[in-house]
Amino acid sequence: MSYALIVAEVRRGLFEERNLDSIGICSLLEKDPIMLIPESDYSVNWEALSGVIKVKIEETQFLNPLNMVNILGKVIGKRGKPDVIIFTNSASGAELAAYTAGYFDLPIITDVSNYDKEQGVFYKSYYSDKIFGEFKPSGDGSFIITVRSGSFKEYVTENGTTPSIETIEDITASPVRTFMEYVEEEKTDVDITKADFLLSLGRGIGNKDEIPSYEELAGLLKAVISGSRPVIDKMWLPKARQVGTSGKTVKPKVYLAMGISGAFQHIAGMKDSDCIIAVNKDPEAPIFQYANYGIVADIHKVRDKLKDILKA
Amino acid sequence: MNLIVFTKRVPATQEEELRITGEGKAVDLSKVPFKVNDWDNYSVEEAVRIVEKSGGTATAVSIGDAESDEVLRRAIAMGAKDGLLLETGDVFHDPNVRATLIHNFLKKENLPFDAIFTGVQSEDDQFGAVGGILAAKLGLPFVSMVIGIDTVESDHLIVRRELEGGLQERVKVMLPCVISIQTGINEPRYVSIMGIRKASKVERKVYKAADYQDSMKSKIEIIKWVYPPKKAGAKILSGELESACKELLGILKEKGVYQ
Ligand SMILES: Cc1cc2nc3c(=O)[nH]c(=O)nc-3n(C[C@H](O)[C@H](O)[C@H](O)COP(=O)(O)OP(=O)(O)OC[C@H]3O[C@@H](n4cnc5c(N)ncnc54)[C@H](O)[C@@H]3O)c2cc1C
Ligand SMILES: Nc1ncnc2c1ncn2[C@@H]1O[C@H](COP(=O)(O)O)[C@@H](O)[C@H]1O
């Protein structure tokens, strides 16, 4: 039977919102959405699904690629190969998808953010969103995609019927990779999610020595400093200041981004700000697509000029 | 511990204007500078640190044209013992093809290893898939988004993998295994031009990718390259820097975040 198999992403009892993008793309693909999910009390948009396959397994074992391939083997054995297997494009979705592709020898297209129904092509980001590739799986067998969060949720349709339910059990957990525990981020005094005005610094600042001068600007503007991942990776700013999927999600009144290109993992963490202002010397930087206002210039010059005006 | 670590030479496109040529056939990278893939820089550093602490060797491997020798020299300068180039003039977009090539190469050359390190993703293609596909092909356990290696034992590693929103999970993985390293796991050492020049004295081995191309048919087709779909976009504050900055301050006042 023709169907799309959606591997749900669930974490600590929560059904992640980005699963909606996996469901949404099924409408464009015109495939019946069947969701694979651990058997537990998740709050799911059941009416948007044709079927649900519940797996009797711990959530942390479900999210383990070495177990996922066994689960998928059982699903395929029971109901035949899906036309497409859909994962989220997150830390866990990406890990599961790649391993599954290798295990079942299937085509894979990751980070899909658009689909052209007429031509049957998937849009995949290249060069941090500066170019997109239009890809197609070769042949007409099963294939795998991971979908970018926020790209397809608008296509979710709830048809008002309850989905069919199947159960899968007796999955032997892999002994070669095992979950031990969750590790929480340390609590810190500054909470960037509470700030009204964030001055956010990206790799474009060049080096650590520039930080004090931006701190001075932030002081004059009464803004709180945050940053993109590379700035935190290089330890120019503490981890608690990171904006993005693996950092914090912020919604300030104003988000002033300086020297940030606008990779989707960053955008996902700040796109709901009331007003986004971007300063970047590259007029093609993807961040200008999301910003309300932009200045195309050297950020250091903008910093110095702002300081001059504010001090005058 | 014998580690194989992959390192890729990628175009540094962040500040470049990219042009599509031949009606979508290609992206012109001829004027773009190249560099080591950021994720691989962290991965090489992590491999070298483990070897420095507990012995063994780190061997760097790259797939690409002769220019990729540059990232191998860099890895040697950081502390890798060897650099192996799987030379090809082709760019394989399909991660299945690259993982198959690596798989064939490791099998045929019978390279011994306790663990294989890749980066989480290539900066250029952002597939984030070669490590996982390779692990499955080799029948080995896999962990991606590795942001910390807490324990190195002869038969297993205990690693932390990064999830969303600052959360991590601690995972035990048996050796041999494949892991994909996330940026920020360490602070990669500085490599000087002198260091790279010195590393040139270590011979790099070159293998022809064509000799390992069994069942390497691409599973995906690239139809064409396109520019991103244009959204409404930002209102650009243009003119003199002074007036643009004043306008910016005006917006801050209007939004009520600055008096
Ligand atoms: C699993 C995963 C999770 C991730 N999580 C996050 C996350 O939580 N947050 C995050 O931010 N990223 C995250 N990333 C990384 C993300 O993909 C990008 O690599 C990162 O956001 C890029 O940061 P950047 O914009 O500061 O740097 P770059 O992309 O290098 O951009 C620098 C920008 O500065 C501009 N610039 C340079 N010099 C100047 C100058 N003098 N004046 C003006 N402009 C200048 C350049 O034109 C460029 O646009 C994650 C990646 C992965 C794979
Ligand atoms: N051409 C290549 N040469 C060396 N390593 C590569 C190559 N392509 C991919 N890799 C490795 O696989 C990782 C993930 O790549 P990708 O799946 O393309 O995002 C990279 O960080 C590299 O470690």
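Which percent, to the nearest 5, of DSSP beta bridges fully inside the stretch B:138-199 are antiparallel?
Values: 12 of 15 bridges.
Restricted to the stretch B:138-199, the bridges split so that about 80 percent are antiparallel.
Taking the Cα centre of each part, how many Å lie between the stretch B:147-165 and the stretch A:242-312?
Cα centroid of the stretch B:147-165 versus Cα centroid of the stretch A:242-312: 34 Å apart.
Within a 10 angstrom radius of each residue's Cβ in B:225-238, how many Cβ atoms of other chains show up on average? Whole number is fine.
Across B:225-238, the average partner-chain Cβ count within 10 Å equals 6.
Could you list B:THR88, A:THR249, A:THR161 in order of exposure, starting from the residue whose Cβ has the fewest other Cβ atoms within 10 Å? Intermediate values should be presented prior to the final figure.
Working: B:THR88 19, A:THR249 16, A:THR161 10.
Arranged by neighbour count, lowest to highest, B:THR88, A:THR249, A:THR161 become A:THR161, A:THR249, B:THR88.
Which entries in A:LYS208/A:LYS251; A:LYS251/B:LYS172; A:LYS81/A:LYS271; A:LYS194/A:LYS305 show an alpha-carbon gap greater than 32 Å? Write down the numbers at each step before the final one.
Details: A:LYS208/A:LYS251 26 Å; A:LYS251/B:LYS172 36 Å; A:LYS81/A:LYS271 37 Å; A:LYS194/A:LYS305 28 Å.
With Cα atoms farther than 32 Å apart: A:LYS251/B:LYS172; A:LYS81/A:LYS271.
Taking every DSSP beta bridge that has both residues in the stretch B:113-259, what percent is antiparallel when rounded to the nearest 5?
On the way: 12 of 20 bridges.
If I count the DSSP bridges inside the stretch B:113-259, around 60 percent turn out antiparallel.
Just rank B:ASP150, B:ASP125, A:ASP282, fewest to most, by other beta-carbon atoms within 10 angstrom.
Details: B:ASP150 12, B:ASP125 24, A:ASP282 18.
Going from least to most buried by this count: B:ASP150, A:ASP282, B:ASP125.
What number in nm² do you get for chain A if you take the convex hull of its Cα atoms and divide its surface by four? If you can, show how the numbers build up before the last one.
Numbers: hull surface 71.9 nm².
Directional mean of the projected Cα hull area for chain A stands at 18.0 nm².
Highest GNM mean-square fluctuation, chain A, Cα pairs closer than 10 Å: which of A:LYS56, A:LYS253, A:LYS301?
Evaluated over chain A, the most mobile residue of the options is A:LYS301.
How much net charge surrounds A:ASP282 when only other residues with a Cβ under 10 Å from its Cβ are counted (Lys, Arg +1; Asp, Glu -1)?
Working: positive: A:LYS130, A:LYS281; negative: A:GLU284, B:GLU15, B:GLU16, B:GLU17.
Around A:ASP282, the charge tally is -2.
Could you work out how far the C-alpha centroid of the stretch B:213-259 sits from that of the stretch A:13-77, in angstrom?
About 34 Å separates the Cα centre of the stretch B:213-259 from the one of the stretch A:13-77.
Nearest 5 is fine: what % of DSSP beta bridges in the protein assembly as shown come out antiparallel, could you say?
Details: 41 of 114 bridges.
Restricted to the protein assembly as shown, the bridges split so that about 35 percent are antiparallel.
So what is the calculated 222 nm ellipticity per residue for chain B, using -39500 (n - 2.57) for each DSSP H run with n of 4 or more, over all residues, to the nearest 500 deg cm²/dmol?
Numbers: 6 runs with 72 residues, N = 259.
Helices in chain B give a 222 nm mean residue ellipticity of -8500 deg cm²/dmol.
Based on the alpha-carbon gyration tensor of the stretch A:192-311 and its eigenvalue square roots a ≥ b ≥ c, which shape applies: rounded if a/c is under 1.5, prolate if not and a/b is larger than b/c, or oblate?
Numbers: a/c = 1.27, a/b = 1.16, b/c = 1.09.
Note, shape of the stretch A:192-311 comes out rounded.
Which residue fluctuates the most in chain A, going by a Gaussian network model with Cα springs under 10 Å, if the choices are A:GLY24, A:GLY227, A:GLY13?
Looking only at A:GLY24, A:GLY227, A:GLY13, the largest GNM fluctuation is found for A:GLY13.
Looking only at other chains, what is the average number of their beta-carbon atoms within 10 angstrom of each beta-carbon in B:136-149?
Values: counts 11, 5, 1, 3, 3, 9, 11, 6, 8, 6, 0, 4, 1, 0.
Mean inter-chain Cβ contacts per residue within 10 Å come to 5.
Checking the a/c ratio against 1.5 first, then a/b against b/c, what shape does the Cα gyration tensor give for the stretch B:2-212? Provide the component values of the computation, followed by the final result.
On the way: a/c = 1.41, a/b = 1.31, b/c = 1.08.
Here the stretch B:2-212 falls in the rounded category.
Residue by residue through A:116-129, how many Cβ atoms from other chains fall within 10 Å of the Cβ on average? Working shown, then result.
Values: counts 1, 0, 0, 2, 1, 5, 2, 3, 6, 3, 13, 15, 5, 2.
The shielding value for this peptide is 4.
Could you list B:VAL173, B:VAL130 in order of exposure, starting from the residue whose Cβ has the fewest other Cβ atoms within 10 Å? Walk me through the intermediate numbers first.
Numbers: B:VAL173 23, B:VAL130 29.
In order of increasing Cβ crowding within 10 Å: B:VAL173, B:VAL130.
Values in this text are rule-based calculations from the coordinates and carry no lab data. It should be emphasised that the depicted structure is a prediction, and the values quoted were computed from it without experimental measurement. Don't worry about glycine lacking a Cβ; one is built from the backbone with ideal geometry, like all the others, and counts go over all protein chains shown.
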